[in-house]
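Accompanying notes for the structure given below.
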Amino acid sequence: STGGDIHEILDAILRHSPVPIGTVPIYEAVARVKRLEDLTPGLMLEVIAPWVQDLGLLIESIESGRPAGADADWQPGAVIRLPFSHKICHHGGVVSPQALMAAADTAMIFACAAAWSGYRPMSAVDQTMHFLRPVNFDVLADARIVRIGRTTNFGRVMLSSAIDRRPVGMVSSAYAML
């Protein structure tokens with residue numbers, strides 16, 4: 001699983017799998033170094049930051065290629081689940097806006113990687129979030145790429161209840177390719 005071009009292998013798996021696939025960040029970290037001894041804690045933090053790990057985000061699906069029977073307006077994307085936890089709530093048991101924005105941002109990073117058929121260094125240059133209602137349950141962040149530019153990607157993220165799929169927030173974003 002760590003041999004060869006990891007992005008090419010992952011792309012092939014994602015294109016051919018009829019079910020959602022998750023990834024393990026350690027494989028990407030290992031692929032970035034020439035020797036296992038060069039795998040440092042700093043490199044691991046670069047791949048997946050501890051505070052993002054603490055959110056407990058789960059990859060529900062990644063779509064890099066048009067599924068059979070998809071609508072004409074299909075867009076590459078990713079769906080991430082933010083599990084409800086009292087650790088990410090403020091007073092009153094409501095999930096903090098910072099946790100919701102982090103989930104949306106992470107979903108967009110996976111959506112960009114899906115659109116590019118592999119991860120590339122990027123940086124958010126604009127993100128606007130609209131909160132529609134308080135959250136005290138699992139949230140799905142459905143990120144879609146709206147436009148792939150030469151140096152910038154534009155996307156949208158719909159945040160919805162994992163229980164009834166009712167919207168809880170929406171995000172528009174732009175990412176610069178580094």
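A short reminder: the numbers here are calculations on the coordinates, not readings from a lab. Note that the structure is a prediction, hence the values are computed from the model and not measured. For neighbour counting, all protein chains shown are included, and Cβ atoms are generated from backbone atoms with ideal geometry for every residue, glycine included.
Remarks
- Take 131-142, 61-72 and order them by the average number of nearby Cβ atoms within 10 Å per residue, most first; the result is 131-142, 61-72.
- The residues neighbouring S172, those whose beta-carbon lies less than 13 Å from its own, together hold a net charge of +1 under the Lys/Arg +1, Asp/Glu -1 convention.
- Remark: the D126-V94 segment gains 9.0 nm on full extension, using 0.36 nm per residue and subtracting the alpha carbon distance.
- Compared with the rule-of-thumb size 2.2 N^0.38 Å for a compact globular protein, the stretch 48-104 has a Cα radius of gyration ratio of 1.45.
- Positive contributions from Lys and Arg (+1) and negative ones from Asp and Glu (-1), summed over other residues with Cβ under 13 Å from the Cβ of A70, come out at -1.
- Whole-angstrom Cα spans of the stretch 38-178 along principal axes, big to small: 45, 44, 27
- Computed FRET value (nearest 0.05) for A162 with D73, which takes r as the C-beta separation and R₀ as 25 Å: 0.55
- The stretch 115-178: radius of gyration and largest Cα-Cα distance (Dmax), Å: 13.4, 39
- Sequence ranges 96-105, 148-157, ranked by mean other-Cβ count within 10 angstrom, highest first: 96-105, 148-157
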